[in-house]
1. May I ask you to derive the FRET efficiency for Ile191 and Thr251 from their Cβ-Cβ distance with R0 = 25 Å, giving the value to the nearest 0.05?
2. Dipole magnitude of the stretch 292-363 about its Cα centre, charges +1 at Lys/Arg Cβ and -1 at Asp/Glu Cβ only, in debye to the nearest 20?
3. So between Met355 and Trp37, what do we pick up on full extension, going 0.36 nm a residue minus the alpha carbon distance?
4. In a solvent-free Debye calculation with one equal scatterer on each Cα, what is log10 I(q)/I(0) for the stretch 243-347 at q = 0.18, 0.24 Å⁻¹, listed in the order of the q values?
5. For the pairs Lys291/Lys364; Lys291/Lys330; Lys178/Lys280; Lys286/Lys310; Lys124/Lys178, flag any whose C-alpha to C-alpha distance is greater than 20 Å.
6. At 7 Å along the Cα-to-beta-carbon direction for both Phe312 and Leu334, put a label point, then send me their distance in nm to one decimal.
7. Please give the residues of the stretch 320-353, grouped as numeric ranges, whose backbone N is less than 20 Å from a label point set 7 Å along the Cα-to-Cβ vector of His289.
8. Which part of the stretch 134-156 falls in the paramagnetic zone of Leu51, meaning amide N under 20 Å from the point 7 Å along Cα-to-beta-carbon?
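Nothing in this text is a laboratory measurement; each read-out follows from the coordinates by a stated rule. Quick caveat, the model's predicted, so the values are computed rather than measured. Every residue, glycine among them, receives a Cβ derived from its backbone with ideal geometry; neighbour counts consider all protein chains shown.
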Amino acid sequence: MGMSQTIPTTLTPDSSTFNIYSTVTPELICLKGRKWWCFLLSSIFTFIAGLSVVLLWRVFAFICCRKEPELAPNDPKQKEQKANRQGKQEFEGTFMTEAKDWAGELISGQTTTGRILFIAASDKLWFMLEMYSFVDYFTIPPSFVSIYLQRTWIGLRFLRALRLMTVPDILQYLNVLKTSSSIRLAQLVSIFISVWLTAAGIIHLLENSGDPFEFSNSQKLSYWTCVYFLIVTMSTVGYGDVFCVTILGRTFLVFFLLVGLAMFASSIPEIIELVGSGSKYGGELKREHGKRHIVVCGHITYESVSHFLKDFLHEDREDVDVEVVFLHRKEPDLELEGLLKRHYTTVEFFQGTMMNAVDLERVK
């Protein structure tokens, strides 16, 4: 992108000569000589080059690591080769064992070192063909092309939003998400948001560029306007204040609605159900300083709890400031809930099981 240029133009109407100065802005210069193909080719060449290196390495490894010819059983060369192989295997075995232990600590979410997840691909070829690898192909190389050409392109930078789908996995390794409902909720929200933001980026690119190859029917829309437009469209509201004018934009929107409406109709009810399904007995015990408590678990029913409380809170006993905490897998029925409310000053109820360390941590 350059500075604004002033180009003198000489006209001669009625034998009178005068100068008219027209201003050429950097935007007009960029639109006159579009270089979008340079950014796109940089991504494609990067992918082809990386794939070629992996394939050449596999061919080289296949040729150089072929099986050695077998020798006779009593051949002295075979005994020597066998001894060398055993010594090499012992060294490699010790090294590989230590490496696997170290890698296990890195990828384990239960250790301190495992708080940081290192992703290692066992199959390099399939790793290069993964969705997240294509996100890197179409977002990283264009950044270097932009520095070289001194201009930018909207491009496919919006594909970075697809990385949001890995957030639930990261939260599980960080031990933030522990229950199945919270994991499922995080997955639904991350998928919905990533697809929404990515589709908005496609509309933003198509509408601001126009239809190829003349690019004459473009319209200026901000990215967040496209985000608003897609959420209104997916919810079937459709105010009509924003709409696509390009043929490519309209075509993409037709195909996206087939997927977007289905996703919107299935994800939103499930998200609402998961958010509203949180039990009021799934919290954590708030301990008061200096006050003790006991945890009662097992066969928790109205009869067992009422008999226990009559004996434990009997008036003939000494005044002991001890709180009673009941822990059970199921929520209390109406009769038991009424009993708990009558003793709300000294009784707490939590849903869980003593076989789960997380539940025991909540009521300890």
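1. 0.55
2. Roughly 240 debye, rounded to the nearest 20.
3. The span from Met355 to Trp37 would gain 108.4 nm if fully extended.
4. Taking Cα atoms of the stretch 243-347 as identical point scatterers yields -0.98, -1.34.
5. From Lys291/Lys364; Lys291/Lys330; Lys178/Lys280; Lys286/Lys310; Lys124/Lys178, over 20 Å: Lys291/Lys330; Lys286/Lys310; Lys124/Lys178.
6. Label at Phe312, label at Leu334, 2.6 nm between them.
7. It comes to 321-323, nothing else.
8. 134-142, 156
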